[in-house]
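The values are calculated or read from the model by the stated rules, or taken from the named source; none is laboratory data. Values in this document were obtained by computation on a predicted structure and should not be read as measured data. Neighbour counts are summed over all protein chains in view; Cβ atoms, including those assigned to glycine, are modelled from backbone coordinates with ideal geometry.
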Protein chains: 2
Amino acid sequence: MRKNSIEVCLSPALYEYHRNVDSIVVVIDTLRASSAICSAFANGAVRLLPVSTVEEAREMKKKGFIVAAERDGYVLDFADFGNSPFNFTAERVKGKTVAYSTTNGTRTIELASGAYMIVIGSFLNITALSDWLNEQERDIVLLCAGWKNKVNIEDSFYAGALCNRLMENNKFFTDCDSAKIVMDMWSLGKENPLEYIDKAAQRRRLRDKGLDDCLAFCHKPDSTDVIPVCSEGEIVNLNKVKP
Amino acid sequence: MRKNSIEVCLSPALYEYHRNVDSIVVVIDTLRASSAICSAFANGAVRLLPVSTVEEAREMKKKGFIVAAERDGYVLDFADFGNSPFNFTAERVKGKTVAYSTTNGTRTIELASGAYMIVIGSFLNITALSDWLNEQERDIVLLCAGWKNKVNIEDSFYAGALCNRLMENNKFFTDCDSAKIVMDMWSLGKENPLEYIDKAAQRRRLRDKGLDDCLAFCHKPDSTDVIPVCSEGEIVNLNKVKP
């Protein structure tokens, strides 16, 4: 079996055409789920429990968990806080388990559940993640959460950044047109990521809702070396579970 | 109802998220179906009958039609010829009806069948098509045929070229991230389209099969002013049906 291929899946609705049970899937939802998840572990969370539906999130609250939950950028009324990475402060999450539900992010994680391994990628952990991926002998699928199954700019752009890093050494190869498209996006925007993603529909949505305070933070590379990994219904920090 | 929006759908598998029954859908399969269809009308074909399956194509042959049919670039054994635009010569198609089946192209046309109107876009007719679209008061969906539901470079790149043309006047608007992505691709490749699409997987497939003789032809703008339009199970030349 050929290893070390890279595929980029631009939307959850395309995942069945990129699915590879032997691969490591990197789930990407930069604005804001994957940035928030990285922040949670950077600030000492022990584990996140992703839940898909509002009802499941409500049940977790009743069971006494801290609940981070939003839909379309708005915090659900029963939740402790929403999906901004700034919400996952050490004060709130250090040493804790947090139930977590977002519009796209958690559904995308569930979609990839048959893969060999699922990790979470954002600019916050891009170097730690790409260094770790470089050490594996696996195919890699970069899975963009998109927006309600449509392709979005911000996740594609990050996929381009990560793909570009991985392709810099000769270990990986790609036959995937989407990988080449997102690397082109990265080449256009790498000098000024915030300017590049300014045209993204999600950028406008967050601005309209006053939720765009985290934009610079979400595009600043390497604020943490955590690698969130999804396993058996929960997300933990890979660095804490390694032998 | 808002009009004159542009959406770009990067794969048939994403069409349900871009579907708009009031829109004009431009079907794009530049290598090679939409280029072949434009060539057929440029050379005087009266109509094309798109068929999806190999069996349907075989039935059309039995009924006495000229049949153009391929799968994965190879001519089906019972067909008169395949999918190269060079096959649709005036000698073969002038004044004729041709049954036509390709890997992606005809299936993509069927997918869009609920739309207000379906037309075929390629570099061969890009100015005629964009001028005509500019005269309409409709939303527009650019539907890329892709490759077996994966996003491809060549159709996305053409969508970028057409989208860029349409956005040059202030009539149209777009909120679609995919539209902005493909316009970025066009901005990178417009000076040398053949060089840009050289990295496309389909470029390599055609080269491997010795089917890449039509590459330059498929990327040369404005060799014809035909606008193929799909209606009631057939494709005709819009310029010939206008009152």
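Would you check which residues across the range B:1-35 are hydrophobic (A, V, I, L, M, F, W, C), crowded, with 19+ Cβ neighbours inside 10 Å and either at pLDDT 95 or above or not in a helix (DSSP H, G or I) (or both) and list them? Those that are hydrophobic (A, V, I, L, M, F, W, C), crowded, with 19+ Cβ neighbours inside 10 Å and either at pLDDT 95 or above or not in a helix (DSSP H, G or I) (or both): B:6, B:8, B:9, B:10, B:13, B:14, B:24, B:25, B:26, B:27, B:28, B:31.
Restricting B:207, B:165 to residues that are within 14 Å of chain A (Cβ to nearest Cβ) and closer than 22 Å to residue A:184 by Cβ narrows the list to B:207. For the range B:184-206, the count of residues that are surrounded by 16 or more Cβ atoms within 10 Å (Cβ to Cβ), modelled with pLDDT under 95, farther than 26 Å from residue A:12 by Cα and not basic (Lys, Arg) is nonzero.
Determine whether the range A:107-118 contains at least one residue that is in contact (Cβ under 8 Å) with a residue 60 or more places away in the chain and more than 17 Å from residue A:235 (Cα to Cα). No, there is no match, as no residue in the range A:107-118 is in contact (Cβ under 8 Å) with a residue 60 or more places away in the chain and more than 17 Å from residue A:235 (Cα to Cα). Entry remark, the range B:72-86: residues being touching a helix residue (DSSP H, G or I) at 6+ places or on another chain (Cβ under 7 Å) and either in a helix (DSSP H, G or I) or crowded, with 16+ Cβ neighbours inside 10 Å (or both) number 8 in total. For residue B:123, the criteria (1) within 28 Å of residue B:164 (Cα to Cα); (2) in contact with a Ser or Thr (Cβ under 6 Å, 6 or more places away or on another chain) hold in every case but one, which is (2). Is it the case that the range A:233-240 has a residue that's farther than 24 Å from residue A:50 by Cβ and aliphatic (A, V, I, L, M)? No, that holds for no residue. The test for being charged (D, E, K, R) and either in contact with an Asp or Glu (Cβ under 6 Å, 6 or more places away or on another chain) or not in a loop (DSSP other than H, G, I, E, B) (or both) holds for residue A:155. Picking from residues in the range A:46-71 that are part of a strand (DSSP E or B) and not hydrophobic (A, V, I, L, M, F, W, C), the one that is farthest from residue A:203 (Cα to Cα) is A:47.
Within the range A:116-140, being surrounded by 24 or more Cβ atoms within 10 Å (Cβ to Cβ) and in a loop (DSSP other than H, G, I, E, B) holds for one residue alone: A:122. Here is the figure for the range B:162-178: residues that are among the hydrophobic types (A, V, I, L, M, F, W, C) and either on the phi > 0 side of the Ramachandran plot or part of a loop (DSSP other than H, G, I, E, B) (or both) total 2.
Quick one: residue B:95 ticks every box in (1) in a helix (DSSP H, G or I); (2) surrounded by fewer than 23 Cβ atoms within 10 Å (Cβ to Cβ); (3) of a type outside the set (Lys, Arg) except a single one, so which number is it? Condition (1) is where residue B:95 drops out.
Can you pull out the residues in the range A:200-219 that are under 19 Å from the mean Cα position of the chain (by Cα) and in a helix (DSSP H, G or I)?
A:201, A:202, A:203, A:205, A:206, A:212, A:213, A:214, A:215, A:216, A:217, A:218
The set of residues from the range A:194-243 being of a type in the set (Val, Ile, Thr) and touching a residue at least 40 places away in the same chain (Cβ under 8 Å) comprises A:197, A:224, A:226, A:227, A:229, A:235, A:236. In the set A:41, A:78, only one residue is touching a Ser or Thr at 6+ places or on another chain (Cβ under 9 Å) and either away from chain B (no Cβ under 14 Å) or farther than 24 Å from residue A:200 by Cβ (or both); that residue is A:41.
Residues in the range B:88-130 that are more than 20 Å from residue B:151 (Cβ to Cβ), modelled with pLDDT under 95 and among the polar types (S, T, N, Q): B:101, B:113.
Selection of the range A:144-161 for residues being on the phi > 0 side of the Ramachandran plot and either buried (at least 24 other Cβ atoms within 10 Å of the Cβ) or at pLDDT below 95 (or both) yields A:146, A:148.
Exactly one residue out of B:197, B:181 is within 13 Å of another protein chain (Cβ to nearest Cβ), in a helix (DSSP H, G or I), more than 17 Å from the chain's Cα centre (by Cα) and β-branched (Val, Ile, Thr): that is B:181. In this structure, does residue A:230 turn out to be buried (at least 19 other Cβ atoms within 10 Å of the Cβ) and within 30 Å of residue B:153 (Cα to Cα)? No: the conditions fail for residue A:230.
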